[in-house]
1. Counting each pair of different Cα atoms once, what's the Kirkwood radius of the stretch 103-293 in Å, rounded to one decimal?
2. Using the Cα centre as the reference, give the magnitude of the dipole from point charges on the C-beta atoms of the stretch 103-293 (Lys, Arg: +1; Asp, Glu: -1; all else neutral), rounded to the nearest 20 debye.
3. Whole angstrom only: what separates the Cα centroid of the stretch 84-128 from the Cα centroid of the stretch 2-27?
4. Suppose only helical runs count, i.e. DSSP H with n ≥ 4. What mean residue ellipticity at 222 nm does that imply for the chain under -39500 (n - 2.57) per run, divided by all residues and rounded to the nearest 500 deg cm²/dmol?
5. What percentage of the solvent-accessible surface of the stretch 161-250, computed with a 1.4 Å probe over protein heavy atoms, is contributed by carbon and sulfur atoms?
6. Under a point spin-label approximation (7 Å from Cα along Cα-to-Cβ), what is the residue 10-residue 181 distance to one decimal in nm?
7. Given 0.36 nm per residue, what is the gain on full extension from residue 314 to residue 194 after removing their alpha carbon distance, in nm?
8. Given a Förster distance of 25 angstrom, what is the FRET efficiency for residue 90 paired with residue 44, based on the Cβ-Cβ distance and rounded to 0.05?
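The values are calculated or read from the model by the stated rules, or taken from the named source; none is laboratory data. Given the structure is predicted, the values throughout are model-derived calculations rather than measurements. Note that we place each Cβ from the backbone using ideal geometry, even for glycine, and neighbour counts take in every protein chain shown. Surface areas here come from the heavy atoms of the whole protein model, side chains and all, with no ligands, DNA or RNA. Shrake-Rupley method; radii C 1.70, N 1.55, O 1.52, S 1.80 Å.
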Amino acid sequence: MTAVLLFSAKSYDRACFDAANRTERHAITYLDTRLDTTTVEFARGVPVVCAFVNDDLSRPVVEALAAGGTSCIALRCAGYNNVDLDAARAAGVTVVRVPSYSPNAVAEHTLALILALNRNVHRAYNRVRDGNFSLEGLVGFDLAGRTAGVVGTGQIGAIVARLLWHFRCNVIAADPQRDPHLTDLGVEYVTVDELLARSDVVSLNCPLTEETHHLIDEGAIARMRRGAMLVNTGRGPLIDTSAAIVGLKSGQLGSLALDVYEEEAPLFFEDRSQEILDDDVFARLLTFPNVLITAHQAFLTDEALAAIARTTLENIDAVIAGTGCANAVDG
Ligand code: NAI
């Protein structure tokens, strides 16, 4: 039986991991708290730590884990930008992830954001509940015939591109690796700059890397079509949020949908409704009627959660058995 300490545990994590662990081959302890330098001590003596997107796996945390006897960091997510891989390698800690669980979940949420923001569903919902049946300010546009640009056509972006194609958009894409199935559909690959210049809707579905950090900055927003919609379900730092705010104020950026935010770690996944919001940039975002934010929930479907739990436990088995894990992150 392998001892696993699962940080940032929510009710849905417990439910899906308990279901995947029905045979009880893993002794899973759930901790509500986020993993960081102040909580890493809880992992002392535990061979496997299971972490999520906003757990802190910077060098000091990784080194403390290794010093405490942890040999495996099992990420229950696809992205691994929160892990110092050099530190893990140097400390002999294996990092595994779940590269694919349900790309449909994230792609469908991307479309949900595009449709809701375009047709002002978020505002209409509140108006109608308040007895306000005015349509003033709720005008959207037909997606059919519009140009939609997808940055990153991997597992998720390829589905986003297909869904937009089914909405009869003219779909263009930017990715160093072309997907031949998309080109067969008629999706045109262009540079990021050309994509920004031509798109009415831009969806970010690439990973966060040094190259893509602040991919959408002041210059990129200036190069976008005036009034275009920007959607980010990738990772928060793909967008320079302050630049986006300037763009929204001037009207250069027509609307913004976010499932991820560059400073989300201290905010997301908790009920903070009784607290004073400390993040002035985020607070400013909330004032725009043409900004729609969800708190990193694009992955949150039954299918995705079940697949995440199943693959995470299989990854742990492979690492502990020393048979090599196909989902190890090499860095
Ligand atoms: P993937 O690895 O299948 O695809 C990523 C694609 O981005 C690849 O085709 C790659 O060539 C491309 N790419 C890399 N650098 C690029 C650049 N500079 N410009 C354009 N394209 C570039 O990854 P997948 O599964 O599609 O996931 C994409 C990202 O979505 C993940 O890295 C993660 O950050 C994010 N994600 C968000 C979730 C959420 O709940 N909001 C859940 C799961 C993933």
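1. 17.0
2. Computed charge dipole of the stretch 103-293: roughly 920 debye.
3. Between the Cα centres of the stretch 84-128 and the stretch 2-27 lies a distance of 21 Å.
4. -10500 deg cm²/dmol
5. Carbon-and-sulfur percentage of accessible area, whole number: 49.
6. Output for this residue pair reads 2.8 nm.
7. 39.0 nm
8. According to the calculation, E is roughly 0.80.
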